[in-house]
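The structure appears below as structure tokens.
Read-outs: derived from the displayed coordinates by stated rules, not from any lab. Since this is a predicted model, take the numbers as computed values, not measurements. Ideal geometry is used to build each Cβ from the backbone, glycine not excepted, and the neighbour counts take in all protein chains shown.
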Amino acid sequence: MKAPTFKQRFQYWFDNYMSRGTGALITALFALSAVIIFVVAALVKITGSAPNDESLFELAWMSLLRTLDSGTMGGDTGSFFFLLMMLMVTFGGIFVVSALIGIINNGLEDKLDELRKGRSAVLENDHTLILGWNPQVFTIISELILANESRKSGAVIVVLADQDKVEMEDAIDERISDTKNTRIICRSGSPIDLTDLEISSPHTARSIIILAEGADPDTHVIKSVLAITNNPNRRAQPYHIVTQIRDPKNMDVVKMLGEKDLVQPILTNELIARVVAQTSRQSGLSLVYTELMNFGGDEIYFKQEPELSGKTYGEALLAYETSTLMGVRKADGTIAMSPAMDTRIQSGDQVFVIAEDDDKIKLSGQSHAPIDESQIQVSGTTSSHKPEKALILGWNRSGSTIIRELDNYVTAGSQVTIVSDIEGLEKQIRHDAGHLKNQKIVVQEGDIRDRSLLEGLGATDYDHVIVLAYSHLEQQEADAITLITLLHLRDIAERDETPFSIISEMLDLRNRELAEAAKVDDFIVSEHLISLMMAQLSENSELMGVFTDIFDPEGAEIYLKPISDYVKTGQPVNFYTVTEAARRRGETALGYRVMVESHNADKAYGVHTNPKKTERVNFSAEDKVIVIAEE
């Protein structure tokens, strides 16, 4: 092989040097400027052409001034050689300084671009880290901002997603105008890339929320959990990770990855299916769930109450005036939501209550609660068990689970009819729904927006109508179909005197306001509900047991029952009396719903959880009491 020439070696060295970036270019230009200045100064000094016999340093300073400002040489006098040297150094300065300005400008632009890309490391501690990006992020951030209001030193939320940093910041600013005492930091990177993950400082985060995204969201979640729990730089303390899973088969995988950590996956399809099934038979139930899970109102707290030790759960129900008892967590961690009234509270047990804040959980200290015995109804109506007919319009991945959940509540001889424009749906439903004990399935193909189809189905003949959002469509398109269907159903309902409930699933919370015109009995914004739950768990991991119990069809559940079955209507009554009336039935009263406010968003659609027990309310026969009961 022929040996490289000096020119080739120099060119290779020069290429390598220039590839080092802005810093190397600036250094080279400074060096070139210094060479020009000192060479010119030395030549002028050696030839003795300096006009006033200046020293070498003074000549170098003169050359430097002419390099930086070409106008300086305008006043030069002296020999031809001196003027020529000053002209040369001035021309050199023009080229060098111009190049230097250009390089510095490009370097600053590159740095700004780098900052815009969000690739700098986050130097935060005790922050909440959100990995991924989907519409849920806005609800989660909004809820965390409310939760962090009580933190005097402020709080930090870090978002790492494979999105443009500026676009994420603009989207958050557009949807969330006031971040109060919470700082939001966005970084661009893939949550499943170990290098990118380090940017968000996961090892110093107090909790990590992983959002599902992409064509295969479960796989994305599993990879993200794996990137944290099996990270070579992982911390010794357990991570607290909250996420969501769609396929039940993947739950074991996620839990297996988090053996050393606290990983809390929410099975979204099953949870939403249970909410839809329960709400379809109890209008307003999803509103109660929303009230219990958001940070805007009262929240669920755990507290150890030594003064309640040895008392029964029934006695403890009347021990608070501004808080509402929900259940007991045993010393072994077992959750008992609304246990039997004669259950003794032991010294190691904790109660969990609904309260405005944890510092507001105080025993009333009253030996006798102000109960008006004359207001309590001795007996109420009992629910009749008869076969029910449910109509499901539209379809998504929760549909089969909804049918299975409904089967747990209805009696034998019931029927569920599904109408959708998805081809081959009947075979899929019969496979996924499995063996049903109490319901018969009828599947019909059609466009749920078709008025003639809805009238032909005889919607008024059904006890419950459920409108599901098509998950295979774009979010706004799916909600538009739902809205059209709801308007037709409400018009049909108003033309017929036969009562039937209409339950609707919405994908975008913003479309709920548009749907108010349809006066639907209940809206279930599935992603919103999941987001609220994830935000709550990220702040308090102990709530997982409570939420699991609330949504479990086995045992006690939340019901909305006629207030007239508990207390007399048409005259003021305090909530102590309502609580006592529920206690005598073995139930826990959580609040009430005023039906005249059921379409008023400013008044939480009439839902009042944890009311002050001394306040008197004049109930009407249509109002409901919110209770935890076996049935």
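Per residue of the chain, the DSSP helices (runs of n ≥ 4 H) give a summed -39500 (n - 2.57) that works out to -12500 deg cm²/dmol at 222 nm.
Of all beta bridges DSSP finds with both residues in segment 389-526, what is the antiparallel percent, to the nearest 5? Antiparallel: roughly 0 percent of the beta bridges in segment 389-526.
Identify which of the listed values of Rg/Rh (Cα atoms, Kirkwood Rh) was calculated from the structure shown: (1) 1.20; (2) 1.02; (3) 1.17. From the options (1) 1.20; (2) 1.02; (3) 1.17, the structure gives (1). As a rough footprinting exposure proxy, the listed residues R495, R510, R234 were ranked by other beta carbons within 10 Å of their own, and the order from fewest upward is R495, R510, R234.
The simple Förster model, with R0 at 30 Å and r as the Cβ-Cβ distance, assigns Q346 and H431 a FRET efficiency of 0.05. I need the calculated FRET efficiency for the pair N125 and L262, taking r as the beta carbon distance and R₀ as 30 Å, to the nearest 0.05. With a Förster radius of 30 Å, E is 0.95.
Each of the peptides 277-285, 170-178, 590-598 was scored by the mean count of other Cβ atoms within 10 Å over its residues; in descending order, highest first, they stand as 277-285, 590-598, 170-178. Take the Cβ atoms of I101 and D162, set R0 to 41 Å, and the FRET efficiency comes out at 0.70.
Length available on full extension from R495 to Q304: 0.36 nm per residue minus the Cα-Cα distance, which gives 63.3 nm. Along the axis of the charge dipole computed for the chain (Cβ charges of +1 for Lys and Arg, -1 for Asp and Glu, origin at the Cα centre), the listed residues T324, A24, L108 are led at the positive end by A24. Going by the alpha-carbon gyration tensor, a ≥ b ≥ c the square roots of its eigenvalues, is segment 246-386 rounded (a/c under 1.5) or, if a/c is not under 1.5, prolate (a/b greater than b/c) versus oblate? Taking the square roots of the gyration eigenvalues as a ≥ b ≥ c, segment 246-386 is oblate. Between Q571 and L509, the modelled label-to-label distance comes to 4.3 nm, taking each label 7 Å out from Cα in the direction of the beta carbon. For D552 and L453, the difference between the fully extended length at 0.36 nm per residue and the C-alpha to C-alpha distance is 32.1 nm. In terms of surrounding Cβ atoms within a 10 Å radius of their Cβ, K7, K624 rank from fewest to most as K7, K624. Of the GluC sites (Glu not before Pro) found in segment 306-402, those that fall in a DSSP loop while having at most 16 other beta-carbon atoms within 10 Å are E356.
Near K561: Cβ cut-off under 13 Å, other residues only, Lys/Arg at +1 and Asp/Glu at -1. The net charge is -3. Assuming charge only on the beta carbon of Lys and Arg (+1) and of Asp and Glu (-1), the dipole of segment 389-526 about its Cα centre is about 460 debye to the nearest 20. For segment 396-460, trypsin sites (Lys or Arg not before Pro) meeting the loop criterion (DSSP other than H, G, I, E, B) and having at most 14 other Cβ atoms within 10 Å: K437. Among beta bridges from DSSP that stay inside the chain, the antiparallel ones total about 40%. Legend: helices of the chain (whole DSSP H runs) are marked when their alpha-carbon atoms reach 24 angstrom or more along the helix axis and their mean Kyte-Doolittle hydropathy is at least 1.0; marked are 22-47, 80-117. If you take all other residues with their beta carbon under 15 Å from the beta carbon of T322, and give Lys and Arg +1 and Asp and Glu -1, the sum is -4. Only Cα pairs under 8 Å and 6+ residues apart enter the sum, and on that basis the relative contact order of the chain stands at 11 percent. In terms of distances greater than 31 angstrom between alpha carbons, the cross-link table entries K386/K613; K152/K561; K260/K311; K180/K603; K330/K389 yield K386/K613; K152/K561; K260/K311; K330/K389. Computed from point charges on the beta carbon alone (+1 for Lys and Arg, -1 for Asp and Glu), the dipole magnitude for the chain about its Cα centre is near 1580 Debye.
For the peptides 129-140, 220-231, the ranking by mean Cβ contacts within 10 Å, running from highest to lowest, is 129-140, 220-231. Overall, the anisotropy analysis places segment 552-631 in the oblate class: the square-rooted eigenvalues a ≥ b ≥ c of its C-alpha gyration tensor yield a/c not less than 1.5, with a/b not exceeding b/c.
Label-to-label distance for E315 and A629 is 2.6 nm, based on points extended 7 Å past Cα in the beta-carbon direction. Please report the spacing between the Cα centers of segment 126-179 and segment 390-452 in Å, no decimals. Each part reduced to its Cα centre gives a spacing of 38 Å.
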